[in-house]
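The values are calculated or read from the model by the stated rules, or taken from the named source; none is laboratory data. Remember, predicted model here, so these are calculated numbers, not experimental data. Reconstructed Cβ throughout: ideal geometry from the backbone, glycine too, with neighbour counts over all protein chains shown. Heads up: the accessible areas ignore ligands, DNA and RNA and are worked out on the full protein's heavy atoms, side chains in. Shrake-Rupley method; radii C 1.70, N 1.55, O 1.52, S 1.80 Å.
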Amino acid sequence: MFVFTRLPIKIVSCHLLCFIFLMSVPITAQAQWYQHSFEVMGTQAHVEFWLESETSEQVAIKEVPLAARNIIDSVVAEMQRIDQGMSPYKADSELSKLNRLAAMRPVVISPELFDLLKNAEKIAELSDGAFDITYASVGYQYDYRNKQKPSQAQIEQALPAINYRGIVLDQSNNSVRFNHPKIKIDLGGIAKGYAVKNCLALLKAAGVKHGLISAGGDTGLLGDRRGRPWLVGIKHPRAEQKNAVHLPLANEAISTSGDYERYFVEDGTRYHHIINPKTGKSAWQVVSVSVIGQDPTYVDALSTTIFVLGLERGMALINRLDDYEAIIIDNQQTLHFSQGLQQN
Ligand code: AMP
Ligand code: MG
C-alpha cells in the first residue's frame, strides 16, 4: 500500500498555458513527495523522494505518476533481489549454497557477493575481528523469538570456527572456500547497508535529487529535504516510541545497531543479536551505536563493529577514521560523541 505526503505544488508556465489552451489537453508540472514502506529482509524498509514530473490532468491527479511508481517498484525489487541472494533463511540463496558447500570445495560466486565478502574482510581486518561474518558459526544457535541459546559447551565447540581468516577468497575466479568444516557466514551486519547503497543509486539514476532509503536501522540520504536537512532520529534504546537524539543530516548515511532489535531476557541477562566473536556471546558494554559517513555499506558494518568493540575501543577506531563519526549510548544510557561531532 502506497502512502503519500502530498504537497500540492503546481508550476504552470505562461508558455505551457498557451500550449494547454491550444491543444485543449491540460498538462501541468507536478511536484511532490512520495513515500512507500514495505517489509523485506525481516525488517521494515522505507523509500521517500521528491519528484517533479509532467503529467496530463486527464490522468487522475490522485494517481501515482508512472515515473514515481517505477522508482518505488525498482527500489522494492532491488531490496528483494538482495534478500533472495543473501538471506541465510532462504535455502536457495547464494549465501545458503555457500554455507552448504564451501567447507568441502571452492564455490564460484557472483562478483557482487564476492565484493561484499571482500568488504566484510576489510572491516574484519580493521577491527581485529570484532566484525566477523563467521560469528554465525555460533550465531545460528541463537533463536531470539523462541528464547533459545547455545550452552557454554556448545559455544566452546563452535568458537574455533569463528575466524574470518578461514574464508579464503580467490579473486582469479571469484571462488570462496572455508578452511574449517564448521564455518558458517551471515551478512546481517552489512547487507542492509549495501541494499541501501544500491537503492540510493537507483534514485539518483532516475534523476531524484532529494531522497531517503532505509532498511531497519540503516538509512541513506540523497541531498537534503529541499533546503532543509533531513532529521534522522536515533531510537531511545529503552523506550520504544521515543528517540534519544535527532540529527540534521544531508547527503550522508547513518546506521544504528541496538541491543533492543532482536533479543530476549533470561535471569536478568539480555541475549541479543550482536555477538562478540571472541566469546560467542552478546556484546554488553554499550546498548546503541550509530555511525555516520558517506558509504552506506561501511556505515552499516561499522555500527555493528563499534557495538562489539565497546565504548573506548570503538571510539578509538572511529576517531582514527577521518570520514566517519559515531554516537554511542553506553550501558548506563550515557551519550558519547566522536571527535568530529563535539562542539569546540
Ligand atoms: P546491525 O543490524 O547492523 O546492527 O547488525 C546486526 C547483525 O549483524 C546481526 O543480526 C547479525 O546478523 C550480524 N552480526 C552479529 N554479530 C556480528 C559480528 N560480530 N560481526 C559481523 N556481523 C555480526
Ligand atoms: Mg550495522
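Per Stokes-Einstein, at 10 °C and 1.306 mPa s, what whole-number D in µm² s⁻¹ belongs to the chain, with the Kirkwood radius over Cα pairs as the hydrodynamic radius?
Working: Rh = 21.8 Å.
It comes out at roughly 73 µm²/s.
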Count of lysine pairs, segment 94-178, Cα-Cα under 29 Å, sep. 8 or more residues or interchain, comes to 4
For the chain, the accessible surface attributable to carbon and sulfur atoms (probe 1.4 angstrom, ligands and nucleic acids excluded) amounts in percent to 52
Expected sort for 261-271, 129-139, 96-106, 68-78 on mean C-beta neighbours within 10 Å, highest first, is 129-139, 68-78, 96-106, 261-271
Taking max minus min of the Cα coordinates of segment 207-344 on each principal axis, largest first, gives extents in Å of 51, 32, 27
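Take the eigenvalues of the Cα gyration tensor for segment 94-178, scale each by 5, and report the square roots as semi-axes in whole Å, largest first.
Values: eigenvalues 120, 44, 29 Å².
Value: 25, 15, 12 Å, ordered largest first.
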Taking 310-320, 210-220 and ranking on average Cβ neighbours within 10 Å, highest first, one gets 210-220, 310-320
Computed over the chain: longest principal axis from alpha-carbon atoms vs helix 296-320 long axis, angle to nearest 10 degrees, is 50
So, relative contact order of the chain in percent, Cα under 8 Å, 6 or more apart, is 14
In degrees, nearest 10, the alpha-carbon axis of helix 191-205 is tilted away from the dominant principal axis of the alpha carbons of the chain by 20
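On average, how much accessible surface per residue is there in segment 94-178, in Å², for a 1.4 Å probe, leaving out ligands, DNA and RNA? Mind showing how you got there, number by number?
Values: 4250 Å² over 85 residues.
Value returned for segment 94-178: 50 Å² of accessible area per residue.
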With Cα coordinates, the longest principal axis of the chain makes an angle with the long axis of helix 111-126, in degrees rounded to 10, of 60
For segment 56-179, the charge dipole (Cβ of Lys, Arg +1; Cβ of Asp, Glu -1; about the Cα centre) points to a positive end, and the Cα of Leu66, Pro160, Leu117 closest to that extreme belongs to Pro160
Restricting to Cα pairs under 8 Å and 6 or more apart, the percent relative contact order of segment 94-178 works out to 41
